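One structure below.
The values are calculated or read from the model by the stated rules, or taken from the named source; none is laboratory data. Remember, it's a predicted structure, so these values are computed and weren't measured experimentally. Neighbour counts run over all protein chains shown; Cβ positions are idealised from the backbone, glycine included.
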């Protein structure tokens, strides 16, 4: 039986994406007890994960207040972007594996050393008082790791087009 190379590659790509989708499913650890991600229609600060979020409206409002406070204190540009990315990482179900909850119930995001250095460098004019030396280099959060559905469709169509012609 002859299988077209493009069909085989497309099938393997789809199968890989399906496995990755189910493998990345996480239980939210942003509250105690843990819970399943859910739709957050009123989330506006971290709206990238609002359809499947580990944050609720209260958490989203708190994050907006933190970012507004930074803006009011003169923090701008890439530093605000890094602050928002870090705060919104808590909402993304795919990042829950990098959260640690202490005995008092507070969740911390295990940030990678390279990401910590990038955030400190991006906020160069502001003294963050963060020492990145002891941050982990593996099994840690390095950036937003969700791929939008639109980007995935473009990727798939590009690969199909490439292998068909």
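Side notes on the structure shown:
- Some residue of segment 140-148 being in a helix (DSSP H, G or I), surrounded by 15 or more Cβ atoms within 10 Å (Cβ to Cβ) and modelled with pLDDT of 75 or more: no
- You will find that of 114, 104, 53, 78, the residue that is out of contact with any strand residue (DSSP E or B) (no Cβ under 6 Å at 6 or more places or on another chain) and within 19 Å of residue 27 (Cα to Cα) is 53 and no other.
- Failed item, numbered, when residue 70 is tested on (1) modelled with pLDDT of 85 or more; (2) exposed (fewer than 15 other Cβ atoms within 10 Å of the Cβ); (3) over 13 Å from residue 91 (Cα atoms): (2)
- Any hit, segment 2-25, residues being farther than 18 Å from residue 141 by Cα, at pLDDT 85 or above, in a helix (DSSP H, G or I) and over 14 Å from the mean Cα position of the chain (by Cα): no
- Residue tally, condition in contact with a helix residue (DSSP H, G or I) (Cβ under 9 Å, 6 or more places away or on another chain), assigned to a helix (DSSP H, G or I) and more than 14 Å from residue 64 (Cβ to Cβ), over segment 87-106: 5
- Residue satisfying all of: in segment 45-58; closer than 27 Å to residue 121 by Cα and free of Cβ contacts under 8 Å to residues at least 60 places away in the same chain; surrounded by the fewest Cβ atoms within 10 Å (Cβ to Cβ) among these: 47
- Against the criterion of being over 11 Å from the mean Cα position of the chain (by Cα) and not in a helix (DSSP H, G or I), residue 129 qualifies.
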